[in-house]
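Below is one structure; the comments refer to it alone.
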Amino acid sequence: MWSFFHRLASPKHFYRFADRLIPWLGWSTLITFIIGLYLGLIVAPTDYQQGESYRIIYIHVPAAWMSMFVYVVMAIAGGIGLIWKMKMADIIASSAAPLGAAFTILALVTGSLWGKPMWGTWWIWDARLTSELILLFLYLGFIALQSAIEDRRTAANACAILALVGVVNIPIIHYSVEWWNTLHQGPTVTRFGKSAMATSMLIPLLTMFLAFKLYFATTLLMRARVEILERERDTTWMKNMIMGSDE
Amino acid sequence: MRLLPKHPKRRKRLALIVLMIAGIGSAVALAAVALRQNINLFYSPSQILAGDAPRNHLFRIGGLVEKGSLKRNSNNLEIHFEVTDTVNKVPVIYTGILPDLFREGQGVVAQGKLGADGVFVASTVLAKHDENYMPPEAAQAISDAQKLKLQSTMTGN
Amino acid sequence: MKAFFHMGGYAMYVWPSYGLALVILLWNVILPMQRKKWHIASIKRRLRRAQDEK
């Protein structure tokens with residue numbers, strides 16, 4: 001088991017592993033999305049207060065959860081790369097950054113589209129919305145820093161430090177609605193205790209969440225694979241593999 | 001499995017990172033506590049009556065729309081209602097269009113100024129909804145059950 | 001069916017949300033696929049050129 005993880009640290013083995021896993025993950029993502037959309041848009045009942053507009057939740061909430069989850073993945077990978085100088089960890093961190101930024105943008109825009117009809121405003125500078133916007137800036141900062149520094153090693157280290165420092169924002173986003181009074185309501189789904197949502201609405205939400213998770217796993221591996229192709233193009237194993245697949 | 005790196009240089013680097021995160025974390029926490037009131041989006045009616053809210057300044061009030069307090073003036077779109085935190089109430093006047101979720105008994109956040117007469121003149125009114133989601137039938141069932149319970153306690157059954 | 005697309009009057013908020021999700025999610029799948037193809041083709045090109053020179 002341990003040696004399996006050890007081998008994954010080598011780009012060569014990781015590439016083969018990703019190649020084998022991506023089709024499986026990709027198809028399960030697609031199937032889960034279809035089930036989740038069917039449940040969320042067709043099976044789930046109307047909300048007693050918000051009518052049909054609440055269906056935005058099936059995009060907004062999974063995207064917001066993923067925006068925080070991906071950040072933690074990115075920071076941990078960056079930290080591992082920083083301490084153990086592991087090439088694969090740097091590749092994971094830099095592959096996660098644009099995906100996290102995409103989830104954050106999706107969460108912010110769908111939140112805005114939901115806030116306008118329900119709250120009466122596209123945007124408000126309350127603690128939840130502001131801290132989520134800061135998360136987007138952290139992702140964009142990571143991406144900008146990486147492209148600004150020529151040397152790969154230095155860039156990875158600088159980005160890892162930025163990612164680790166930014167982790168303090170994650171609990172702030174999560175607890176903002178409890179620590180301060182905000183326009184954004186409190187959490188609906190909590191890990192402990194009963195969630196404040198009817199089961200017929202909760203099941204589609206959890207299905208969509210699973211779909212987003214699978215999607216992230218798929219696209220992370222896809223991006224990592226491209227990154228390996230780019231970084232290892234002069235190695236013998238890469239040349240052999242590419243010429244081998246030709247015949 | 002080793003949790004800590006063996007190499008002394010890596011150990012040092014790990015310690016440095018942990019220290020840095022702890023340092024920045026506590027700095028942010030301190031700043032957040034210091035800015036507490038500024039980060040808060042609104043004042044509650046009790047805070048306003050206690051004189052915590054700024055006088056002659058724009059600020060936001062938040063709470064629930066008191067049940068039975070909503071009055072509309074059919075001539076000029078003027079809306080009167082009371083905002084409550086279940087302890088204290090502040091009357092609010094607003095002219096304009098209300099968001100879809102604005103309802104008696106639901107949350108509201110209004111921006112405006114507090115007049116000398118203690119009436120809050122709002123320039124914008126936003127609805128704040130709670131974290132509950134359920135189909136209308138379920139909401140009906142809950143309110144029926146509550147009514148039944150109330151009746152039984154009143155009649156002493 | 002009409003009622004489904006009407007979304008109880010919130011169509012102009014619900015459908016753009018789902019549309020944006022579709023665009024962003026698809027973009028993140030297509031982009032790495034194209035980049036992978038491009039990289040493999042470029043590595044092949046370089047290797048062929050190196051072989052020809054031999």
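Step through the residues of segment B:67-84 one at a time and calculate ³J(HN,Hα) from phi using the Karplus curve (6.51 cos²θ - 1.76 cosθ + 1.60, θ = phi - 60°), rounding each to whole Hz and writing x for Gly and Pro.
So the Karplus estimates, Gly and Pro as x, are 5, x, 9, 6, 10, 10, 8, 5, 7, 10, 6, 6, 10, 10, 7, 10, 9, 10 Hz.
Add -39500 (n - 2.57) for each DSSP H run of 4 or more in chain B, then divide by its residues: what number comes out at 222 nm, to the nearest 500 deg cm²/dmol?
Details: 4 runs with 56 residues, N = 157.
That calculation yields -11500 deg cm²/dmol at 222 nm.
Would you kindly calculate the mean projected area, averaged across all directions, of the convex hull enclosing the Cα atoms of the protein assembly as shown, in square nanometres?
Numbers: hull surface 125.4 nm².
About 31.3 nm², averaged over all directions.
Quickly estimate the mean residue ellipticity at 222 nm for chain A, helices only: each DSSP H run with n ≥ 4 gives -39500 (n - 2.57), and the total goes over all residues, rounded to 500. Walk me through the numbers before you get to the answer.
On the way: 9 runs with 185 residues, N = 247.
Helix contribution divided over all residues of chain A: -26000 deg cm²/dmol.
Kindly identify segment A:100-141 as rounded, prolate or oblate by the Cα gyration tensor criterion: order the square roots of the eigenvalues as a ≥ b ≥ c, call it rounded if a/c is under 1.5, otherwise compare a/b with b/c, prolate if a/b is larger, else oblate. Mind showing how you got there, number by number?
On the way: a/c = 3.60, a/b = 1.72, b/c = 2.09.
Taking the square roots of the gyration eigenvalues as a ≥ b ≥ c, segment A:100-141 is oblate.
Which residues among segment B:103-125 fall inside the zone where the amide N is under 19 Å from a point 7 Å beyond the Cα of B:Asn88, along Cα→Cβ?
B:108-122
Kindly write out, for segment B:54-63 in residue order, the coupling ³J(HN,Hα) from the Karplus curve 6.51 cos²θ - 1.76 cosθ + 1.60 (θ = phi - 60°), rounded to whole Hz, with x marking Gly and Pro.
Rounded to whole hertz, the list is x, 7, 6, 10, 5, 8, 10, 10, x, x.
In vacuo Debye scattering of segment A:3-53, one point per C-alpha: log10 I(q)/I(0) at q = 0.16, 0.30 Å⁻¹?
-0.63, -1.01
Could you compute how fast chain A diffuses translationally, taking Rh as the Kirkwood radius over C-alpha pairs and applying Stokes-Einstein at 4 °C with viscosity 1.567 mPa s? Give it in µm² per second.
On the way: Rh = 19.8 Å.
For the chosen part, D equals 66 µm²/s.
Note the angle between two axes, namely the Cα long axis of helix B:136-155 and the longest principal axis of the Cα atoms of chain B, as a number of degrees from 0 to 90, rounded to the nearest 10.
The angle comes out at about 70 degrees.
Enumerate the amide H contacts of B:Tyr43 below 5 Å, restricted to partners 5 or more residues apart or on another chain; note that Pro and chain-start residues carry no placed amide H.
When sequence neighbours closer than 5 places are left aside, the close amide H contacts are B:Arg60, B:Ile61, B:Gly62.
Counting pairwise Cα distances across segment A:116-191, what percent come out greater than 14 angstrom? Display every interim value, and only then the final one.
Working: 1926 of 2850 pairs.
Looking at segment A:116-191, the distances longer than 14 Å represent 68 percent of pairs.
Taking every pair of Cα atoms in segment B:41-155, average 1/r, invert it to obtain the Kirkwood radius, and report Rg/Rh to two decimals.
On the way: Rg = 16.1 Å, Rh = 15.5 Å.
That ratio equals 1.04.
What helices does chain A hold that run 20 Å or longer along their axis, going by alpha-carbon atoms, with a Kyte-Doolittle average of -0.5 or more, using DSSP H for the helix calls? Walk me through the intermediate numbers first.
Values: long enough: A:11-38 (39 Å, 0.47); A:57-84 (40 Å, 1.70); A:87-118 (47 Å, 0.99); A:127-148 (31 Å, 1.41); A:152-166 (21 Å, 0.95); A:199-231 (47 Å, 0.98).
Within chain A the helices that satisfy the rule are A:11-38, A:57-84, A:87-118, A:127-148, A:152-166, A:199-231.
If you build a Gaussian network model of chain B, linking Cα atoms that sit under 10 Å apart, which residue out of B:Gly25, B:Gly107, B:Gly96 swings the most?
B:Gly25
What angle, in degrees between 0 and 90 and rounded to the nearest 10, separates the Cα long axis of helix B:8-34 from the longest principal axis of the Cα atoms of chain B?
Between the helix axis and the principal axis of chain B, the angle is about 20 degrees.
Given contacts defined as C-alpha pairs under 8 Å and at least six residues apart, what's the relative contact order of segment A:36-116, whole-number percent?
36
Taking the alpha-carbon centroid of each part, what is the distance from segment A:121-199 to segment A:1-28 in angstrom?
With segment A:121-199 and segment A:1-28 each reduced to a Cα centre, they are spaced 29 Å.
For an R0 of 41 angstrom, estimate the FRET efficiency from the Cβ-Cβ distance between B:Ala141 and A:Trp24 and round to the nearest 0.05. Write out the running numbers ahead of the final one.
On the way: r = 43 Å, r/R0 = 1.06.
Step by step, r from the Cβ atoms, then E = 0.40.
Would you kindly give the portion of the calculated P(r) for segment A:78-130 that falls above 19 Å, as a percent of all Cα pairs?
Working: 679 of 1378 pairs.
The answer is 49 percent, as a whole percent.
Hey, what do the phi angles of segment C:8-25 turn into as Karplus ³J(HN,Hα) couplings, whole Hz, using 6.51/-1.76/1.60 and θ = phi - 60°, x for Gly and Pro?
For segment C:8-25, the Karplus-derived couplings read x, x, 9, 3, 6, 10, 6, 5, x, 4, 5, x, 4, 4, 4, 4, 5, 5 Hz, x marking Gly and Pro.
So what's segment C:2-53 giving for Cα Rg divided by 2.2 N^0.38 Å, two decimals? Write down the numbers at each step before the final one.
Working: Rg = 21.5 Å, N = 52, 2.2 N^0.38 = 9.9 Å.
For segment C:2-53, the normalised Cα radius of gyration comes out at 2.18.
Within straight cross-link reach of A:Lys85, meaning Cα distance under 19 Å, which lysines are found once same-chain residues fewer than 8 apart are removed?
A:Lys12, B:Lys6, B:Lys9, B:Lys12
Which residues in segment A:87-110 have a backbone N closer than 20 Å to a point placed 7 Å from the Cα of A:Leu145 along the Cα-to-Cβ line?
Only A:87-105 fall inside the zone, counting backbone N under 20 Å.
Calculate I(q)/I(0) for segment A:1-144 by the Debye formula, one identical point scatterer on each C-alpha and no solvent, and give its log10 at q = 0.10 Å⁻¹ to two decimals.
Values returned for q = 0.10 Å⁻¹ are -0.48.
Straight distance only, please: which aspartates and glutamates reach the Cα of B:Lys113 with their own Cα at less than 18 Å, same-chain residues fewer than 8 apart left out?
Those aspartates and glutamates meeting the cut-off are B:Asp52, B:Glu78, B:Glu82.
Computing the accessible area with a 1.4 Å probe over protein heavy atoms, can you report the carbon and sulfur percentage for segment C:2-53? Don't jump to the answer; show the numbers that get you there.
Values: 2340 of 3510 Å².
Percent of accessible area from carbon and sulfur atoms in segment C:2-53: 67.
For A:Lys87, give me every one of the aspartates and glutamates with a C-alpha distance below 17 angstrom, ignoring sequence neighbours fewer than eight places off in its own chain.
A:Glu150, A:Asp151, A:Glu227, A:Glu230, A:Glu232, A:Asp234
Would you please give the FRET efficiency between B:Leu16 and A:His174, computed as 1/(1 + (r/R0)^6) with r the Cβ-Cβ distance and R0 = 25 Å, to the nearest 0.05?
Numbers: r = 26 Å, r/R0 = 1.06.
That gives a FRET efficiency of 0.40.
Taking only Cα atoms and a 10 Å spring cutoff, compute GNM fluctuations for chain A and point out the largest among A:Thr29, A:Thr219, A:Thr235.
Result for chain A, Cα springs under 10 Å: A:Thr235 fluctuates most.
The values are calculated or read from the model by the stated rules, or taken from the named source; none is laboratory data. A quick note: this is a predicted structure, and the numbers were derived from the prediction, not measured. Here the Cβ is made from the backbone with ideal geometry for all residues, glycine too, and neighbour counts use every protein chain on show. Please note that ligands, DNA and RNA were not included when accessible areas were found on the heavy atoms of the full protein model with its side chains. Shrake-Rupley method; radii C 1.70, N 1.55, O 1.52, S 1.80 Å.
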